[in-house]
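Read the structure below first, then the notes.
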Amino acid sequence: MKPEQALAAARAAAAQRDDALAPGMSIQPTKRVSIEQLMEWANIEPDPDLMRSTRKLGAPITWVKRQLVHVMRQYLRELQSQQTRFNLNVLIRLAELEDRVVRLEERAAARPEAPAGPPPAGESPHGERA
Amino acid sequence: MSVLNVHQILSGAGPYDAVTTQALAFRDLFKRWGWGGRDVAAEIDPRIGDRIAPLRTLWAGATRPDDVLLVHYSAYAPKLRAVLELPQRKLLISHNITPARWFWDHDPQAAVVCALGRKQLPEFAAAVDVAAGVSLYNARELGSETVIPILFDPAGLGAPQAQDPQAGPPTILFVGRLAPHKRQDAIIRAFELYRRRHAPGARLVLVGAPINWAYDAAMRELADELSPGHVTIESGLTREQLAARWRSAHAFVCLSEHEGFCIPLLEAFHFGVPVIARAIGGVPEVAGDAALLLAAQDDESVAAELLELAVADGELRAALRERGAARVAAYAPEPTARTLRGALESLAW
């Protein structure tokens, strides 16, 4: 068979088959990170054991780096606290917004279907009060 | 013939990174041409040694106004912005950044970096003297028609075997990062259909480092669920081990939904392995007439039937092997080196 004929032949052969795999057998999005997990991450606490060198004969370099971390601990704690403050504030804002969306969705679901027509006086088509 | 100082600037450099490998191959060429310059990167993996210097050394005073800067753009790197302010003439080569949409569900951090990188790229393209892509597909994303392909040297891969792999259960291969846009999940499904219909003993080998452990675990779970015992997922292979995988493969299947160039296509052609691929991005351009290309509407069932044809039809295999050799010749290092040299010399004062 010539390469130009292969796709048509494959399509014809596939059309004869009725052995499709069960739906749903594909990669699902990996687990979404929960808000609780985000809170845990927001409070950053780097593990000093992760400070290491990947160079050849890196053991002495690792030792020096860890000493530096120790010497600079006051400054690093300041950095950590600033970053953590930012992380937590963003997270709180996110949690509030999520909560608000849920409440709005619940309220919208509970509201009886509005008849079609122009919005009431004083309300914009987007539901905002003028 | 002009003698240039070309400084290469990379977003990041690492020992196994394709863009770093490309930059180092370019540097070898520059040395052969008697050109000078140095290679710097915004982020450097220490394992790369002193072959790539930190970006800041570019400002150390050793550059002259008539030097040329070659920017390899492959990832978001805010530090590179300062390079645009330098007075030297600049050539940008885009190695393509995958759109973020494939990553949000599996690796949000990668998605953010991809989104920022793609947002920043037009700014870079507008600020350089020549913007090029490694494929026409990449170049056109920048509004350019200049192509400087990947410098592909098949000699480094080892010799292909003279004949088809030995008879026995077929081995289907895919080489590429274990990532959502590469759609290894679709490959597993297509393979399983092929195995059930035509070759119960067939094996699928997926070679490539995963984007993260969770995605790796999910892919292995899918393989175990659909085709237990028939799928191997591996990464971190040596060059020799990778060559061995190519030599034992009966077909290469690529169902990626985004590819800027797809170097494994050329590797498959070099080893004489028939290729089945989805016709997206830079794939049709690189594959030419040497691959069996699936259209967007073709599902995994069609891919499975193409696999059967590619494995079992001797005439088809021979034709694809011959055409593949022509594609390798089209991407031979010499013409690519000439194109690169021409682009750089056009920027000389």
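What follows draws every value from the coordinates through simple rules; no lab data is involved. This one's a predicted model, so the numbers in the text were calculated from it and none came from an experiment. Heads up, the Cβs are rebuilt from the backbone with ideal geometry, glycines too, and the neighbour counts pull from every protein chain shown.
For this structure, a couple of remarks:
- Euclidean distance of C-alpha centroids, segment B:224-280 and segment B:180-194, integer Å: 12 Å
- Comparing Cα centroids, segment B:95-127 and segment B:283-307 end up 27 angstrom apart.
- Within 10 Å of each Cβ in B:313-319, the average number of Cβ atoms from other chains: 3
- Total formal charge among the other residues, if their Cβ is under 15 angstrom from that of A:Q67, Lys/Arg +1 and Asp/Glu -1: +3
- Rel. contact order, % - alpha carbon contacts under 8 angstrom, at least six apart, chain B: 15 percent
- Segment B:85-123 residues near the modelled B:A18 label - backbone nitrogen below 12 Å, point 7 Å along Cα→Cβ: B:95-98
- Choice from B:I211, B:I187, B:I97 showing the highest fluctuation, given a GNM over chain B with Cα pairs closer than 10 Å: B:I211
- Mean Cβ count within 10 Å, highest first, over the residues of peptides A:33-39, B:194-200: B:194-200, A:33-39
- Shielding of B:299-312 by partner chains, average beta-carbon count, 10 Å: 5
- When B:S248, B:S301, B:S235, A:S26 are arranged by Cβ crowding within 10 Å, least crowded first, meaning fewest neighbours, the order is B:S235, A:S26, B:S248, B:S301.
- Seen through its C-alpha gyration tensor, with square-root eigenvalues sorted a ≥ b ≥ c, segment B:106-199 comes out oblate because a/c lies at 1.5 or above while a/b is not bigger than b/c.
- Peptides B:343-349, A:59-65, B:201-207, A:93-99, ordered by how many other C-beta atoms sit within 10 Å of their residues on average, highest first, read B:201-207, B:343-349, A:59-65, A:93-99.
- For segment B:304-349, alpha-carbon Rg over 2.2 N^0.38 Å: 1.93
- For the options B:D50, B:D107, B:D67, a Gaussian network treatment of chain B with springs between C-alpha atoms closer than 10 Å singles out B:D50 as fluctuating the most.
- Normalised Debye scattering of the protein assembly as shown at q = 0.11 Å⁻¹ gives log10 I(q)/I(0) of -1.06, counting only Cα atoms as equal scatterers and leaving out solvent.
- Charged-residue dipole, Cβ positions (Lys, Arg, Asp, Glu), segment A:1-48 about Cα centre, Debye nearest 20: 480 debye
- Percentage of interatomic Cα-Cα distances in segment B:1-124 larger than 23 Å: 32 percent
- Peptide A:52-63 shows a mean partner chain C-beta count of 1 within 10 Å per residue C-beta.
- Exposure proxy ranking, count of Cβ atoms within 10 Å, fewest first, for B:D66, A:D18, B:D39: A:D18, B:D66, B:D39
- Relative contact order of segment B:250-349, taken over Cα pairs closer than 8 Å and 6 or more residues apart, is 29 percent.
- Between B:R338 and B:L86, residue separation times 0.36 nm minus the direct Cα-Cα distance comes to 88.1 nm.
- Arranged from fewest to most other beta-carbon atoms within 10 Å of their beta carbon, A:R11, B:R47 become B:R47, A:R11.
- Each 20 Å bin, from zero up to the one with the longest distance, holds this percent of the alpha carbon pairs of chain B: 29, 56, 15, 0.
- Percent RCO, i.e. relative contact order, over segment B:53-159, from Cα pairs under 8 Å lying at least 6 residues apart: 23 percent
- Distance histogram for segment A:28-103 (every C-alpha pair counted, 5 angstrom bins, percent rounded to whole numbers): 3, 13, 15, 16, 14, 12, 11, 8, 5, 3, 1, 0
- Between the listed residues A:L21, A:V69, B:F152, the Cα displaced farthest toward the positive end of the dipole of the protein assembly as shown, a dipole computed from Cβ unit charges relative to the Cα centre, is found at A:V69.
- Whichever aspartates and glutamates have a C-alpha closer than 16 Å to that of B:K90, once near sequence neighbours (fewer than 8 apart) are set aside: B:D39, B:D66, B:D67, B:E123, B:D129, B:E345
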